[in-house]
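A.B. asks: Sharing a structure with you now.
The values are calculated or read from the model by the stated rules, or taken from the named source; none is laboratory data. For clarity, every value in this text was computed on a predicted model and none was experimentally measured. We place every Cβ from the backbone using ideal geometry, glycine too, and count neighbours over all the protein chains shown. Just the protein is used for accessible areas: all its heavy atoms, side chains included, with ligands, DNA and RNA removed. Shrake-Rupley method; radii C 1.70, N 1.55, O 1.52, S 1.80 Å.
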Amino acid sequence: MKTKIKIFLLALLTGGLAGCIDEAVPADSFITSDQLDNSKEGLTRLTNAITGFPSTICGIYSTSNFDFGYPGLGVVRDVLCEDFSTSNNYYDYFSSWGFCTYLGNDYNTCYYPWSFYYKWNETVTELMKRVNPETQDAQELHAMGIAHFYRAWIYFDMARMFEFKKTGISRIDDRADPAIHGLTVPIVTEETTQEDAFNLPRAPYHTMYKFILDELDLAEQQLGDYKRTEKNEPNLAVVYGEKARVWLELASHFDKYPEDLADMSQYPELGITSATDCYAKAQSYAQQAIDQSGAIPMTESEWYSTDGFTKTSTSSWMLGMLINKEALNLSAWINFVGEVSAETSFGTGGYNYGTFRTIGKSLYDQISDDDWRKQSWVNPDDAYNEDAQSQYKTILTPEQFAYLDPYTNLKFQPADGNEDDYQVGALADYPMMRVEEMYFIVAEASAHTGGLSSGIHNLESFINSYRYNYGQQRYTCNASTMDDFIQALMVQKRIEFWGEGLVYWDYKRLELPITRGYEGTNIPVSYRFNSLKGYCAPWLDFYIPNYECGQDKAIVPNPTPSMLDSELWRE
């Protein structure tokens, strides 16, 4: 369902969470709240508002150049990792995250994600309040299924972002209240009152994940026979895909912290007693998602098509954000394409402004010449060279190509190949779940359930079947330990999902080190932060806004590292 209107719920009383959750005022519409209660049109509008919210500007304080909906949050997550940077930071509107200065900043940078998700959740709860489960018809049943799915999505994202994990830096870890370990975010539902919202604690890890799984179970039941019309609507395959993600998260957690399994013993219906049980569920649901979806990994021609990363019609997309020009208030500066595509004349990421989004040298050097994805980035030997243009699948002319810096990405192109008119070129959908991710989950989980050889077989099979040219050398994973295998798998996953906001979840889930400062690095000097091996990078633990903590007295905040601490991380 494409959202044709904007619905903003005036339910966040100055502080995002701690607000009135009983009123809804639809914008750009003449219907009243009562009509929303009683009309099928009102239900459709609310359903559309849920599926269309990812393309909505959050509008905290004032419109910021990084505030362009869910894709903006995807850029934030990628910037926090090690492979997605800029050739320079002259026009980098995500520099607060690149510098990691947002860690002690209580303004847009930390408040933006907090408010985005809770505003989205308000739309979900508004719909749920308007449907009587005992008398619901087919339309209402499916609308509830969509709402339960997206509520699970919202809280799964927030739980992972705001959970504090140890950094290995005592000046940060020692400031963390012992009570915050294992805490996620407050859960707000249609049952939450305004009084509750002012004294709502962060949900413990086990409570949150049981809640998320229950939401997905409801979505599975309610969407079992649902035939969607657009790919921003979940269906059964997408529910399975999200379940695979959740179970992989739990598996990794219990692998590293097996003592936490005791917290799950109160939920015997989940049927888990070990991390291996969770890996088995992740593998099973990922395979069901592949089978149920009928989706096929992107081909080389799709990947380099102007539709490849701009249209949900692409064969591999299971779920995507459909661009909503009205909700996004589209401008040349505030959109995903203008930020990341080098093949535009509009936006800071294009050849007119030259703040190109680049791949990290360390990752680029690990891409085989037999891997057709390698042409997604400019080889440093070809930079500034008009004659090299013909070696790449690009809409740029040789003269325009010569503007590109080393390692500049050509993965994301403007919609319809329109590099000049942002009202056309920026109208790009955004991938939220591709079937390729399910293949990676199967590979990782199978290494734990069937042995290392099983994981290696599945990883090699995917890469050789879908990503390598038929040259003399084929992809081989030579891992002899689980750590080596995870490293090899993550190299391929980082290549595959570069710029899609996905690998942040893996870095935090697996507590992988982030290394931006190294010999020959192409990361700008001011962004060269390195984290400690065996710990979560400090900047991956999102900070809960001070104002929110002041409104909700039950919230125990994460520590707020200052830039003085950052001297410990810099190269």
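A.B. asks: Using the Karplus equation 6.51 cos²θ - 1.76 cosθ + 1.60 (θ = phi - 60°), what ³J(HN,Hα) coupling, rounded to whole Hz, does each residue of the range 499-515 give in order, writing x for Gly and Pro?
C.D. replies: For the range 499-515, the Karplus-derived couplings read x, 9, x, 9, 6, 3, 4, 6, 4, 6, 4, 8, 6, 8, x, 10, 10 Hz, x marking Gly and Pro.
A.B. asks: With viscosity set to 0.692 mPa s at 37 °C, what whole-number translational diffusion coefficient in µm²/s follows for the range 447-536 from Stokes-Einstein and a Kirkwood radius over Cα pairs?
C.D. replies: So the translational diffusion coefficient is about 220 µm²/s.
A.B. asks: Here is a further query. Can you tell me how the chain classifies by the Cα gyration tensor, rounded, prolate or oblate, using a/c under 1.5 as the rounded cut?
C.D. replies: Rounded.
A.B. asks: Right, next: Using only DSSP helix segments of four residues or longer, with each worth -39500 (n - 2.57), what per-residue ellipticity at 222 nm results for the chain after dividing by its residue count and rounding to 500?
C.D. replies: Taken over the chain, the calculation gives -12000 deg cm²/dmol.
A.B. asks: Amide H to amide H, which residues 5 or more places from ASN558 or on other chains are under 5 Å from it, using H placed in the peptide plane?
C.D. replies: Under 5 Å from the amide H of ASN558: ILE544.
A.B. asks: Would you kindly derive the ³J(HN,Hα) couplings of the range 416-431 from the backbone phi angles with the Karplus curve 6.51 cos²θ - 1.76 cosθ + 1.60 (θ = phi - 60°), listing them in order in whole Hz, with x for Gly and Pro?
C.D. replies: 6, x, 8, 8, 10, 9, 5, 6, 10, x, 8, 7, 10, 6, 9, x
A.B. asks: Taking a ≥ b ≥ c as the square roots of the eigenvalues of the Cα gyration tensor of the range 186-305, is the shape rounded (a/c under 1.5), prolate (a/b larger than b/c) or oblate?
C.D. replies: Oblate is the answer for the range 186-305, as a/c is 1.5 or above yet b/c matches or exceeds a/b.
A.B. asks: Moving to a separate point now. Using all Cα-Cα distances in the range 344-503, what percent lands in each 10 angstrom bin from 0 up to the longest?
C.D. replies: 10, 33, 32, 18, 7, 0
A.B. asks: Still on this structure, I have one more. Using amide H atoms built 1.01 Å from N in the peptide plane, name the residues 5+ places from THR408, or on other chains, whose amide H lies under 5 Å from its own.
C.D. replies: Close amide H contacts, sequence-distant or interchain: VAL378.
A.B. asks: Are there chymotrypsin sites (Phe, Trp or Tyr not before Pro) in the range 226-331 that DSSP puts in a loop and that have at most 14 other Cβ atoms within 10 Å, and which ones?
C.D. replies: none
A.B. asks: So what is the accessible area of the chain per residue, in Å², with the probe set to 1.4 Å?
C.D. replies: 36
A.B. asks: Is the shape of the range 55-207 best called rounded, prolate or oblate, per the rule: a/c under 1.5 gives rounded, else a/b larger than b/c gives prolate, else oblate, with a ≥ b ≥ c the square roots of the Cα gyration tensor eigenvalues?
C.D. replies: oblate
A.B. asks: In the range 418-571, what percent of the accessible surface is made up of carbon and sulfur (1.4 Å probe, ligands and nucleic acids excluded)?
C.D. replies: Result for the range 418-571: 49 percent of the exposed heavy-atom area is carbon or sulfur.
A.B. asks: Relative to the compact-globule scaling 2.2 N^0.38 Å, provide the ratio for the alpha-carbon radius of gyration of the range 277-403.
C.D. replies: 1.29
A.B. asks: Report, by chain and number, residues whose modeled amide H sits under 5 Å from the one on ASN88, excluding near sequence neighbours (fewer than 5 apart, same chain).
C.D. replies: Amide H neighbours of ASN88: PHE356.
A.B. asks: Right, something else. Dipole magnitude of the chain about its Cα centre, charges +1 at Lys/Arg Cβ and -1 at Asp/Glu Cβ only, in debye to the nearest 20?
C.D. replies: 260
A.B. asks: Here is a further query. Leaving out ligands, DNA and RNA, and with a 1.4 Å probe, what % of the accessible surface on the range 318-412 is carbon or sulfur?
C.D. replies: Taking all protein chains in place, the range 318-412 shows 42 percent carbon and sulfur surface.
A.B. asks: Along the range 279-294, what does the Karplus equation 6.51 cos²θ - 1.76 cosθ + 1.60 (θ = phi - 60°) give for ³J(HN,Hα), rounded to whole Hz, x for Gly and Pro?
C.D. replies: Whole-Hz 3J(HN,Hα) from phi for the range 279-294: 4, 4, 5, 4, 5, 5, 5, 5, 5, 4, 5, 4, 5, 5, 6, x.
A.B. asks: Can I ask one more? Quick one: P(r) of the range 244-321 from all Cα-Cα pairs, 5 Å bins, percents rounded to integers, in order of increasing distance.
C.D. replies: Result returned by the calculation: 3, 15, 18, 15, 11, 11, 11, 8, 6, 2, 0.
A.B. asks: Translational diffusion coefficient, Stokes-Einstein: compute it for the range 402-491 using the Kirkwood radius over C-alpha pairs as Rh, at 37 °C and 0.692 mPa s, and state it as an integer in µm² s⁻¹.
C.D. replies: Calculated translational D: 206 µm²/s.
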